[in-house]
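Asks: Take a look at this one; I'll ask things after.
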């Protein structure tokens, strides 16, 4: 099976282009080491023509952000009939839209933080909810545009109404949940484990703490009580299935251990194309479960299909 020709799709033109290039090159290197014939494709507007001429056996989707993980490139691959990794058109579109993903998750019994979605222009000088709260773009990843509004802050951040804002006009305003940052990876129908993210020198798990070496510490497996660990795994698999995801996903949580029982565990979002950079979480979680990086990627290539 290792004679397959794999096109690793990377780059693209979203704000997450640098992350995608890092993920894509790491995946291409590992897949070559596993014996696959690999072509690295920096995705542009001519991607349909490029792939039609290249005719790979599998497209490994290492794109991040809009166009790459929102169902758009998945639709192109479906049209071309090229088997691809990760989730399909509908699940990708749902997961990328934080509002819709939360709606589906809640219907499946997954606990979430209270939130509302509104135009950034409608957030004036009055707080849309009592601080502390988080403002995040509805359809961005890698913590781009995420702002934490703390208690005591007199008014919402003014950048939301400025021309400097580059993350879309619809934003989610979500109750800030204190406590620990947990994440859980799912591979097909198998939960790989729970990891705690400890930002180093950062107020929260922002872009730099995600991608700058030393910006965060990954504790795999997370040192939490067995019942919370198991509940996190159960909720991750529930969200993965409810949204219709395939391949590998990663669900993010906040856990406030000051609250009794499982009350403090809240699901934030699901990532249908988790980063695969040297500082990314899923490779660490997989390693803790005894799965080498190359083995993880090989599984994803062999799992690839259309009509996902």
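The values are calculated or read from the model by the stated rules, or taken from the named source; none is laboratory data. As the structure is a prediction and not an experimental result, all values here were calculated from the model. Neighbour counts run over all protein chains shown; Cβ positions are idealised from the backbone, glycine included.
Asks: Of the residues 286, 222, only one is in contact (Cβ under 8 Å) with a residue 40 or more places away in the chain, more than 24 Å from residue 70 (Cβ to Cβ), part of a helix (DSSP H, G or I) and not assigned by TED's automatic domain parsing to the domain that holds residue 79; which?
Replies: Values: 222 fails: part of a helix (DSSP H, G or I).
After applying the criteria, what remains is 286.
Asks: How many residues does segment 1-35 contain that are farther than 16 Å from residue 299 by Cβ and in a strand (DSSP E or B)?
Replies: Matching residues across segment 1-35 total 4.
Asks: Would you point out the residue of segment 247-263, among those that are modelled with pLDDT under 95 and in contact with a helix residue (DSSP H, G or I) (Cβ under 9 Å, 6 or more places away or on another chain), that is nearest to residue 94 (Cα to Cα)?
Replies: Out of the qualifying residues, it is 262.
Asks: Residue check: is residue 257 out of contact with any strand residue (DSSP E or B) (no Cβ under 6 Å at 6 or more places or on another chain) and in a loop (DSSP other than H, G, I, E, B)?
Replies: Yes.
Asks: Give the residues of segment 235-255 that are surrounded by 20 or more Cβ atoms within 10 Å (Cβ to Cβ) and within 13 Å of residue 285 (Cβ to Cβ), sorted by residue number.
Replies: Across segment 235-255, the qualifying residues are 236, 248, 249, 250, 251.
Let's see how each residue does on (1) at pLDDT 95 or above; (2) closer than 24 Å to residue 284 by Cα:
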{"position": "16", "(1), (2)": "no, yes"}
{"position": "19", "(1), (2)": "no, yes"}
{"position": "24", "(1), (2)": "yes, yes"}
{"position": "28", "(1), (2)": "yes, yes"}
{"position": "32", "(1), (2)": "yes, yes"}
{"position": "37", "(1), (2)": "yes, no"}
{"position": "42", "(1), (2)": "yes, no"}
{"position": "47", "(1), (2)": "yes, no"}
{"position": "53", "(1), (2)": "yes, no"}
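Asks: Kindly indicate the residue of segment 86-112 that is closer than 27 Å to residue 306 by Cβ and part of a loop (DSSP other than H, G, I, E, B) and also farthest from the chain's Cα centre (by Cα) among those meeting that condition.
Replies: The selected residue is 108.
Asks: Mind checking which residues of segment 36-74 are part of a strand (DSSP E or B), under 17 Å from residue 17 (Cβ atoms) and more than 19 Å from the chain's Cα centre (by Cα)?
Replies: 40, 41, 42
Asks: Using the structure shown, decide if residue 151 is farther than 28 Å from residue 14 by Cα and touching a residue at least 12 places away in the same chain (Cβ under 8 Å).
Replies: Yes, satisfied.
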